[in-house]
Amino acid sequence: MYPILATPFTSSGEVDEASLRELVRFQLAAKVNGIALFGNASEMYTLLDKEREMIASVVMEEINGQVPVVFGSGHTGLEGAVQLSKWAQKAGADALMVLPPYMVKPDGKRMVEYFGAIAKAVDIPIMLQDAPIASGISIPVPVMVNLAKEYENIVYAKVEAPPTTVKITEVIEQSEGRLAVFGGLNGNYYYEELCRGIVGTMPACEFPDVCVKIFQLFRSGERDAARRLFYQYMPFIRIGTIPGYAMAVHKEILKEGGVIESAYVRNPNAPIDETLRQEALDTLLDLDPLVLNWKK
């Protein structure tokens, strides 16, 4: 369970260091296996370079080696991705999660050159992030497999292309074990992905304890219990994927629990209205996640 850490902002839009530290503590209290920075759920596309540096410094200090940290280092171009990936390794990243270029859509040759340049520039493991809903780019399975064959540090794939279950099986089978697969898409198919052979998941960060429990139940052989818990939380998980408002939903839940001070999201994300906020909170009725008990 490697949640994508949200970026807390103050009500006026600056990075909120105090809330960021509390958010990291919340993840660690949930017994996550690792933490990921600068993913889509981090609003990474809105961050300035100096903000990335500050966030990385604060998070690494707060984690203090307790769990591994994955940095997102995708970029709109090859040179930017290489530079960002080198910086991430220097800043302490244990691995990289890399989107393909998401402005001009690359063909297969350009995609291979992009990921290959990153792999040659760093020494740490690389995860290919296949997230076509967010990026507009789908990484073909043969491209993933060939990259894993050619570069020994390309060892993970995060499959977020629905239906995720089908592509997960294709990646695992065609890579013949070279690529270990993580699920994403906010855990929408988490249980089914576990059945298909994922090694972990990387959803948003407001329900880490729930994801950890599902994983533990599944791995201990209690599959019926894992499935029941997953479907119990399914309405809550689903509402965290509403296009344009997902980031605000995540943050409203975290704010409700007192983990962060403000639910501010940066443009182009939109804040949610009171009706949607209440709909999100209503999905937690009769449930008992850590987030709603954080300050109790």
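Using only the Cα atoms of region 226-296, build the gyration tensor, take square roots of its eigenvalues as a ≥ b ≥ c, and label the shape rounded, prolate or oblate: rounded if a/c is under 1.5, else prolate if a/b is larger than b/c, else oblate.
Values: a/c = 2.12, a/b = 1.33, b/c = 1.59.
Cα axes put region 226-296 in the oblate bin.
The length gained on full extension between N293 and V166, counted as 0.36 nm times the residue separation minus their Cα-Cα distance, comes to 42.1 nm.
Cα centroids of region 1-67 and region 155-210: 22 Å apart.
In terms of the Cα gyration tensor, with a ≥ b ≥ c the square roots of its eigenvalues, is region 9-59 rounded because a/c is under 1.5, prolate because a/b exceeds b/c, or oblate? Walk me through the numbers on the way to the answer.
Values: a/c = 1.93, a/b = 1.48, b/c = 1.31.
Prolate, since a/c reaches 1.5 and a/b exceeds b/c.
Give me Rg/Rg_expected for region 174-233, where Rg uses Cα atoms only and Rg_expected = 2.2 N^0.38 Å with N residues. Please list the in-between numbers first.
On the way: Rg = 11.4 Å, N = 60, 2.2 N^0.38 = 10.4 Å.
Compactness ratio reported: 1.10.
Using the Cβ-Cβ distance between S138 and M103 with R0 set to 22 Å, the FRET efficiency from 1/(1 + (r/R0)^6) comes to roughly 0.90. Listed by chain and number, the lysines placed with their C-alpha closer than 19 angstrom to that of K149 are K109, K120, K158, K167; residues fewer than eight positions away on the same chain are left out. Spacing of the modelled spin labels on A29 and Q83, each 7 Å from Cα toward Cβ, amounts to 3.9 nm. For the chain, the square roots of the Cα gyration tensor eigenvalues, ordered a ≥ b ≥ c, give a/c of at least 1.5 with a/b no greater than b/c, which places it in the oblate category. How many percent of DSSP beta bridges within the chain run antiparallel, rounded to 5? Rounded to the nearest five, the antiparallel share is 5 percent. Legend: calculated FRET efficiency, D273 to E192, from the Cβ-Cβ distance at R0 = 45 Å, rounded to 0.05, equals 0.90. For the chain, the mean residue ellipticity at 222 nm estimated from helices alone is -14000 deg cm²/dmol, where every DSSP H run of n ≥ 4 contributes -39500 (n - 2.57) and the total is divided by all residues, rounded to the nearest 500.
What size of dipole, in debye to the nearest 20, comes out for the chain about its Cα centre when the only charges are +1 on Lys and Arg C-beta atoms and -1 on Asp and Glu C-beta atoms? Intermediate values should be presented prior to the final figure.
On the way: 28 positive and 37 negative charges, 99 e Å.
Dipole magnitude for the chain comes out near 480 debye.
Electrostatic tally near G197: other residues with Cβ closer than 15 Å to its Cβ, Lys and Arg +1, Asp and Glu -1, net +1. Its alpha carbons give region 50-101 an Rg and a Dmax of 11.1, 33 Å.
FYI, it's all coordinate maths here, none of it is from the lab. This structure is a prediction, so every number in the text was calculated from the model and none was measured. FYI the Cβ positions are ideal-geometry reconstructions off the backbone, even for glycines, and counts take in every protein chain you see.
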